[in-house]
Amino acid sequence: MICESKQKRIEQFERACRERGLPITTQRKTIFEMILDRTDHPTADQVYDQVRQRIHTISRTTVYRILDTLVELGLITKICHHGSAARFDPRIHQHHHLVCLHCENIIDLDEKRLNDVAWPDVRGHGFEIRDYHIHFRGVCAACQRTYHARLGPKLNMTALARLKKLEGFGRWVSWM
């Protein structure tokens, strides 16, 4: 993250803590800064592993609690998709994701047209929509390269479709 932008986000963090009467602890600030510095979408365990390198005494429970607090404060977002651990994203503006079905990598997608999707009328369900993010699920470039390298040059789309159907849910366990 650009230094000036990171500084503004840290000021936003400090302001949010003060407004809610939360102390600006070393643990909170370290975890928030680490999330800002990452370019991926880490799980809570990945954040824990990284923060333990700087704060050896921090517990896993503390990391989970702080991440939940940062989400509640609107400073990061929590990304959940079926069959995978929750991940955390420092980008809080409207954007969408490409999710690899094999390695579970998440790639940010800034596509303005997706921000204009008309919300369905869900009043009959007693539901109130407040926000949305679109997750496109597929296979990332790295996994495609690995898959193609293992099958060789004779791969065709029919064979690929058959393999996907046989192995289910887009996971190609046997080729990794």
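The values are calculated or read from the model by the stated rules, or taken from the named source; none is laboratory data. Quick caveat: nothing in here was measured; it's all calculated off a predicted structure. Here Cβ is always computed from backbone atoms with ideal geometry, including for glycine, and neighbour counts include all displayed protein chains.
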## Note on the structure
Only one of (1) hydrophobic (A, V, I, L, M, F, W, C); (2) out of contact with any Asp or Glu (no Cβ under 7 Å at 6 or more places or on another chain); (3) surrounded by 13 or more Cβ atoms within 10 Å (Cβ to Cβ) does not apply to Ile79, and that is (2)
### Task
State whether the residues of the stretch 50-62 include one that is under 20 Å from Asp108 (Cβ atoms), touching a helix residue (DSSP H, G or I) at 6+ places or on another chain (Cβ under 9 Å) and in contact (Cβ under 8 Å) with a residue 40 or more places away in the chain.
no
## Note on the structure
If we keep only residues of the stretch 22-46 that are of a type in the set (A, V, I, L, M, F, W, C) and touching a helix residue (DSSP H, G or I) at 6+ places or on another chain (Cβ under 6 Å), then the residue surrounded by the fewest Cβ atoms within 10 Å (Cβ to Cβ) is Ile24
### Query
Looking at His102, is it assigned by TED's automatic domain parsing to the domain that holds Gly138, under 26 Å from His133 (Cα atoms) and part of a loop (DSSP other than H, G, I, E, B)?
yes
### Query
With respect to the numbered conditions (1) at pLDDT 90 or above; (2) closer than 22 Å to Arg137 by Cβ, which one is the sole condition not fulfilled by Gly83?
(1)
#### Entry: Hits in the stretch 109-143 (condition: closer than 18 Å to Ile79 by Cβ and touching a residue at least 40 places away in the same chain (Cβ under 8 Å))
His133, His135, Phe136, Arg137, Gly138, Cys140
